[in-house]
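This report refers to the structure that appears directly beneath it.
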Amino acid sequence: MSELSTYLTEAGVAARVASRYPRFRPGASWSPARCLSECARRWPERAAVLFEDRRYTWREVDRIVDRTARAFQEIGIEAGDSVALLMDNRPEYLFAASALSRLRAKAALLNTNVSGPALIHALEAGRARLALVGAEHEDKVAEIRGELPIPAEAVYIQRDGELEGSAGFASFDTLVCRATDGPIEGLQAPRVEEHACYIYTSGTTGLPKAAVIPNSRFVMGGTLFGRGLLDLGPGDVVYLTLPLYHSNGMIGGWSSVLQGGATIALRRKFSASNFWSDVRKFEATAFIYIGELLRYLLNAPEHPRDGHHKLRVIAGNGLRPDIWEEFQNRFKVPMIREIYGATEGTTVLANCTGRVGMVGRLQPGLVVARCDLLSGDLWRGEDGHSEAVAAGEIGLLITPINTLTKFDGYVDEEASQEKILSDVFEAGDRYFNTGDLLKLHEGRWLSFADRVGDTFRWKGENVSTNEVAETLNGAIGVLESNVYGVEVPNTEGRAGMASVNHDESFDLDLFNHWVIDKLPVYMRPYFLRLQSEMRITGTFKHQKVDYRDEGYDPAKTSDPLFFLDGEKYVPLSVALHDRIATGDLKIR
């Protein structure tokens, strides 16, 4: 695409978003609840939510949300209160979150994969006054009944089909059933600066933090997705299989359809085998993705109807260049719009033209700053100030914090301060530290390089885990790979290790040759772990912390382990592990 075409496309997306911007001035009353009321008024009989064989119109959703809000009122929920939601993707999740918005309360969106101490932490971090739990997750709460940071009487169960709950917690359905119809009188309209919800960070490098999502961020994010990138209107259907507790699900999915009266089609959990049949069943015109979700779809067996659908555009983040064109060609997706952003960040980048491998173009005010690629610490000159990298270089993406690009932070104020960089280019300036390394290309284009902390140093060179993983993913039989650095006694830096998920066509000898041919010595994974299933988070991010801790010790895993001895992978036995661990065998 030419520079002029790129500019015109970006300008069109920006204009659609900018036309809605007056909503977000301080004191304005726009909120998820207000958007829902508008949709119900303008398109009362149009489909709002599709789920399995159920269909809800905007009028029906609005009525159910009113009844749900009355149920919350009956148990004492007021403006400013936080209610934890623990539930699979289903309509009741949207009803509850929207009802809390109507009451000027907020939902703490709990990851459905957490349990035990992690669940206790999430309830504490979200400062929940009570919890609404889907019956499908009641057992997790029952297991920690005696350790709950809220009274057991403050836990309410919402049935899931025939599953009603049996651990003695109160029934929320009973409250909804006896609630009266009609709008609640006397409620003050939510303001844009009030909180819509808390969305938790992934927790891949520590305990999750509850990021604050004001109404302005919730609605503006939906405007970017719905009006800008997807250009949604009545008649469009957005298929969502990402979890609603994730920002791409709640904001990219639900908020995007709230901005223009489109329809959201939900699936309880992602299923590669059912994905395309769902897309056809719901006649989806768009869907929201995470990069690894597309990799799983691409790894599934080919089907004659792979390209049979009504999709016109998909949007999301994390799509790696090694599968971009292959996915687009196989499944005949007309437009892929990759974005870059953090739930709590101060800006979003968008690749509006579908240029392979790019996350967007560097916008005014944003900086890719020179830094230590291992620690992420900014380089600072004699005057104490940093500098931007040049085209072709990698640096830390930092984004300005000011009255226009506000950092809303986390519930934990101390955690918020840790993300702020000060006096970067001049005294008094403040920037949000994304923690991500990006590469600057000609024409101000940007590509994702690595997460700070994922890059490691070996044999005097910096190794990008993403770069190595993309190379390994090209080997025959490799479905996906997770690369990380592991400590080896009596050596400097970290040696590369790869956990590889593979299919029946994988051959260790062929893989061995691929590694030697494609990667320089310092980038080669010296330790290899073969798996039939990769360990991931609920939002399809690779777990690295646990893998690093388990390392290459045969006593810590039953998965097959191998060591690159010279230029050949050999089985990593206990005896061989001990020789490496004691320094008797040196890595060459």
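Below is a table of values for the structure above.
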quantity: Odd one out for residue 554, checked against (1) touching a residue at least 12 places away in the same chain (Cβ under 8 Å); (2) of a type outside the set (Lys, Arg); (3) surrounded by fewer than 17 Cβ atoms within 10 Å (Cβ to Cβ); calculated: (3)
quantity: Whichever residue in the stretch 262-285 is closer than 17 Å to residue 332 by Cα and of a type in the set (Ser, Thr, Tyr) and, among such residues, is farthest from the chain's Cα centre (by Cα); calculated: 277
quantity: Lone qualifier among 501, 490, 512 - being under 23 Å from residue 272 (Cβ atoms) and among the polar types (S, T, N, Q); calculated: 501
quantity: Matching residues, the stretch 226-238, being surrounded by 24 or more Cβ atoms within 10 Å (Cβ to Cβ) and more than 12 Å from residue 48 (Cα to Cα); calculated: 226, 228, 229, 230, 232
quantity: Hey, residue 529 within 20 Å of residue 570 (Cα to Cα) and either without any contact (Cβ under 8 Å) to a residue 12 or more places away in the chain or out of contact with any Cys (no Cβ under 6 Å at 6 or more places or on another chain) (or both) or not; calculated: yes
quantity: Every residue from the stretch 485-542 that is within 29 Å of the chain's Cα centre (by Cα), of a type in the set (Gly, Ala, Ser) and over 22 Å from residue 293 (Cα atoms); calculated: 485, 495, 496
quantity: Residues within the stretch 388-413 that are under 14 Å from residue 432 (Cα atoms) and aliphatic (A, V, I, L, M), tallied; calculated: 5
quantity: Output for the stretch 206-234, where each listed residue is among the aliphatic types (A, V, I, L, M), out of contact with any Asp or Glu (no Cβ under 6 Å at 6 or more places or on another chain) and within 20 Å of residue 411 (Cβ to Cβ); calculated: 207, 210, 213
quantity: Residue in the stretch 441-453 that is touching a strand residue (DSSP E or B) at 6+ places or on another chain (Cβ under 7 Å) and under 22 Å from residue 384 (Cβ atoms) present; calculated: yes
quantity: Residues being at pLDDT 95 or above, under 17 Å from residue 230 (Cβ atoms) and outside any strand (DSSP E or B) - total across the stretch 308-330; calculated: 5
quantity: Considering residues of the stretch 479-521 that are among the polar types (S, T, N, Q) and in contact with a strand residue (DSSP E or B) (Cβ under 8 Å, 6 or more places away or on another chain) only, the residue nearest to residue 569 (Cα to Cα); calculated: 512
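The values are calculated or read from the model by the stated rules, or taken from the named source; none is laboratory data. Keep in mind that what you see is a predicted model, and the values were worked out from it rather than measured. Note that each Cβ is placed from the backbone with ideal geometry, even for glycine, and that neighbours are counted across all protein chains shown.
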